[in-house]
Amino acid sequence: MLHPLRHPLASHLVASLRDRDTPPAEFRALAHRLGLLLAMECTRDLATRETTVTTPLEPTAGQRLARPLVVVPILRAGLGLVQPFIDLFPDVSVGYVGLERDHATAVAHSYYCRLPPLAGRTVVLVDPMLATGGSAAQALTLLKSHGATALRMACVVSAPEGVATLHAAHPDVPVYTAAHDRGLNERKYILPGLGDFGDRLYGT
Ligand code: PRP
Ligand code: URA
């Protein structure tokens, strides 16, 4: 259920995102480019339906996406992965879940939720960092309570602890990750990781 992104360009982009000397403007651009690769990878198995199109020469069989797509970022860092989905799937609906980890306990609390209809749609939860897995597990529970049944998650960096927590709580949800790292430090930051994604994205 863990799908590492295996592409030389993804590794190249992750290395630049990890670099502590990468400034916010460049970090945002890199996150966008990596987000495009993640969006492609995590939608590889989307269902299609048969259609007929007429080329300038003759009718032919084709495929169109069968179900509407919904992307849901966990605020705030997840916002950095939304535009790539909009670029590739212009009809995508966007929902928002606001969760913030307490700095002392690393336990996430919810402060915002605004979702489109989720039943019958493919829903992609996006959050660049899967550390303890607490935020993502909470968000998936929320999405399921709003009717989502076909869920997947995309992240930039995952920790084994977070993947284990998520798979225990939501074994039906595949996780797509650009980098699967070593583990967490005592403050529940991913090692080697890339630091605080939200702070680096927004220069805070
Ligand atoms: C970060 C990150 C995830 C969460 C991951 O968000 O974007 O949402 O931590 O940690 P977890 O797997 O241990 O729950 P943060 O709470 O720092 O908020 P931010 O996006 O506003 O920076
Ligand atoms: N959130 C981040 O932004 N980075 C981590 O390493 C862990 C949680």
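Classify the range 15-163 as rounded, prolate or oblate from the Cα gyration tensor: take a ≥ b ≥ c as the square roots of its eigenvalues, call it rounded if a/c is under 1.5, otherwise prolate when a/b beats b/c and oblate if not. Please report the intermediate quantities before stating the final value.
On the way: a/c = 2.56, a/b = 1.54, b/c = 1.66.
Taking the square roots of the gyration eigenvalues as a ≥ b ≥ c, the range 15-163 is oblate.
Within the chain, which is the longest segment containing none of the trypsin sites (Lys or Arg not before Pro) that sit in a DSSP loop and have at most 13 other Cβ atoms within 10 Å?
On the way: sites that count: ARG6, ARG20, ARG44, ARG182, ARG187.
With trypsin sites (Lys or Arg not before Pro) excluded where exposed in loops, the chain gives 45-181 as its longest stretch.
Apply 1/(1 + (r/R0)^6) to the Cβ-Cβ distance of GLU50 and HIS7, taking R0 = 30 Å, and write down the FRET efficiency to the nearest 0.05.
On the way: r = 29 Å, r/R0 = 0.98.
It comes to 0.55.
With both bridge residues required to lie in the range 101-204, what share of the DSSP beta bridges run antiparallel, to the nearest 5%?
On the way: 3 of 15 bridges.
The antiparallel proportion sits near 20 percent.
For a footprinting-style exposure proxy, rank SER11, SER16, SER158, SER145 by other Cβ within 10 Å, fewest first. Spell out each step's value before the answer.
Details: SER11 12, SER16 17, SER158 26, SER145 9.
Ascending number of Cβ neighbours within 10 Å: SER145, SER11, SER16, SER158.
Between helix 8-18 and the chain, what is the angle of the helix's C-alpha long axis to the longest principal axis, kept within 0 to 90° and rounded to the nearest 10?
That helix lies at roughly 30 degrees to the long axis.
Take the alpha carbon gyration tensor of the range 5-58, find the square roots of its eigenvalues, order them as a ≥ b ≥ c, and report rounded if a/c is under 1.5; if not, report prolate when a/b exceeds b/c, else oblate. Present the calculation step by step, with values, prior to reporting the outcome.
On the way: a/c = 3.80, a/b = 2.71, b/c = 1.40.
It is prolate, given that a/c is not under 1.5 and a/b is the larger ratio.
Could you pull out which residues in the range 48-67 have an amide N less than 16 Å from a spot 7 Å beyond the Cα of ASP91, following the Cα-Cβ vector?
Only 48-53, 62-67 fall inside the zone, counting backbone N under 16 Å.
When a/c reaches 1.5 or more, the comparison of a/b and b/c decides; with that in mind, is the range 72-118 rounded, prolate or oblate per its Cα gyration tensor?
Details: a/c = 4.66, a/b = 1.97, b/c = 2.37.
Taking the square roots of the gyration eigenvalues as a ≥ b ≥ c, the range 72-118 is oblate.
Helix 24-42: angle to the longest alpha-carbon principal axis of the chain, degrees 0 to 90, nearest 10?
50 degrees
What is the angle, in °, between the Cα long axis of helix 160-169 and the longest principal axis of the Cα atoms in the chain? Nearest 10 is fine, range 0 to 90.
With both axes taken from Cα atoms, the answer is about 60 degrees.
Quick note: the coordinates plus some simple rules give every number you see, no bench work behind them. Bear in mind that the values here come from a model prediction, so they are computed numbers and not experimental data. Positions of Cβ are generated from backbone atoms using ideal geometry, with glycine treated the same way; all protein chains shown enter the neighbour counts.
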